[in-house]
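I have placed the structure first, in the form of structure tokens, so that the comments after it can refer back to it.
The values are calculated or read from the model by the stated rules, or taken from the named source; none is laboratory data. Because the structure is a prediction, the values reported are computed rather than measured. Cβ: placed from backbone, ideal geometry, glycine included. Neighbour counts: every protein chain shown. Remember, those area values only see protein heavy atoms, side chains included, never the ligands or the DNA or RNA. Shrake-Rupley method; radii C 1.70, N 1.55, O 1.52, S 1.80 Å.
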Amino acid sequence: MKTSELTAILKEQLEQSNLTVQTLSIRIGELTTTIEEMRLQIKAKDASIDELVATVNSLQELLTQKGIELDKEKRAKKALVSLMEKKSEKRLPQKAIPTTPDNKELVAPIKSKYDPKIRGNNGAKRKEHIECEEEVRDIYPSEESGFDRGIAREFATRNVIRYELIPMKFRKIIYRIHRFTQNGTVFEGKAPKAPLNNSQFSGSFIAGLAQLRYMYGMPVYRIVKFFNDNGFEIERSTANGLLAKVSGLFDGLYKALKEAVKSDPYLGGDETYQKVLVKDQPNGKNSKKAYLWDVIAHSLGLIYFFYDEGSRSKKVFQNFIKGYSGTFQSDALAAYRELGTETYPDVQRLPCLQHIKRMFLALEGVPDADKIYNLFNELYHQEHKHKIGEKGWTIEDNRKWRQKYAPPILKKIKAALDRVAARKDLPPDNELRKAVNYTLAEWRDVPNIFTGGNFHLDNNEIERFNRYISMSRRSSLFFGSHKGAENAAIYYSLACSCRMHNINFFDYISDLLERAASWSPNTPTAEYRQLLPDKWKPSQITD
């Protein structure tokens, strides 16, 4: 049978199918109209309507099936015609349209083949990561390519670098103690002492817990899951117990830290909060908002957190500051406002200019507030023109520079404050008046900032370290008890002090715990003083 005859037959069948589809479509339309008429005329004959609906659905199903068969016939016809004509289905590349001066937009862009050598690093020099442990693996050509190392002559090498991440590794070290007898005497080797009695956990293991908990704000339950995911099963109670017992080893170190901080001539102080679980609260809740106090020794680079049942009472601060003489910088909390008065005549108080500035910044757009805010900014602008330690600039140079630039600006600020305070149109609850009254209440101590060359204009440094508590507050929500909060104060003190001296907290705690095994309960404070981060030197620890 010829191709033309076959094509004609297929076309005839297709036309018949189309005619059938049209007939069915007309029939469906007629039945649908009939149904609507019957619904309007005979609402009571529900059974008849359902029967007609079923008939319509059957016809629709028949039409759908017929459409599927028709589609199959079309695809079969197309494939048969293509096979007879022997046309290739391969797509040929389009020819580029030649460039013409009058029709440049018709030129087809030709993409060049990707060349991996073209890839750069935006001109930036790649970091070499010399801190990483290196492993060199030699890569030789494959022998399948015809390479014969016996006769080939090597003329060059090149390095290709890949950085790998190995998940946290845990090692189980078994010390096999060998015992001997010699002339009636028994000799045996001695295993390294553990930081905790009757414990199989080394200092490095506990240091890992402490680092994740107090440096990176991970709650204990999440640390336990992290350890389990990396191949070491540990119970939450065990992890909590290790952290709690180890903090007891640091009591002497913690006392030495307090004494060292109080010996610094320039301190800064603040307080922050965290919830703590406490049963039988008057409000019926099992937790309360508790406060940790923290003091930074600017000269030594040490930080001391302390906690007293979560109290923010000034008695807590008075117990700490008793006997101190020097300079103390803080916000305007009532506990600090007595510093520099006859109650504490040996303490010079410095306020925080950032706390003052924020109150006027919140009133942006108010002319008087903007003026005062800009004057305080001028103090910072002048201060940033020099930096101690750069280009030979000394603390004494900075003190003299402050005595030169600060008095005129402070005079302008005081005059602006007095003008606003004298306004009778501002009610007592006005925000501008509140900001001015706050600043005037602090003004007695503002000039003190510029009497020394190394005093900060604000208390921002200690506030930045409060963020470690903030991270814990967002992730673990609360301390388990007052004792837990006291333990946290010890860890945060050591962790933040390490951060000030760029000391790895894990290395520091690991070293301390290896030494703790030999500490005597009567170890003098002077010995602990040598182990604080500002004087600490790592001991030689072997595996």
Built amide H within the under 5 Å cut-off of G326, gap 5+: V347, Q348
Prolate/oblate/rounded label for the range 122-179 (Cα gyration tensor, a/c 1.5): oblate
Cβ crowding within 10 Å averaged over residues, with 181-189, 497-505 ranked highest first: 497-505, 181-189
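Return the loop-located trypsin sites (Lys or Arg not before Pro) in the range 156-240 (DSSP other than H, G, I, E, B) with at most 13 other Cβ atoms within 10 Å of their own Cβ; answer none if there are none.
Those that pass, being in a loop and sparsely packed, are R158, R162, K169, R171, K172, R176, K190, K193.
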Between the range 496-543 and the range 310-372, the Cα center-to-center distance that results, in Å: 34 Å
Highest average packing first - 408-420, 476-488, Cβ atoms within 10 Å: 476-488, 408-420
The range 148-296, relative contact order in percent, only Cα pairs under 8 angstrom and at least six apart counted: 12 percent
Cα-based shape type of the range 292-444, given that a ≥ b ≥ c are square roots of the gyration tensor eigenvalues and the cut on a/c is 1.5: oblate
Anisotropy class of the range 403-509 from Cα gyration tensor, a/c 1.5 cut: oblate
Carbon/sulfur fraction of accessible area - the range 261-358, other protein chains in place, 1.4 Å, %: 44 percent
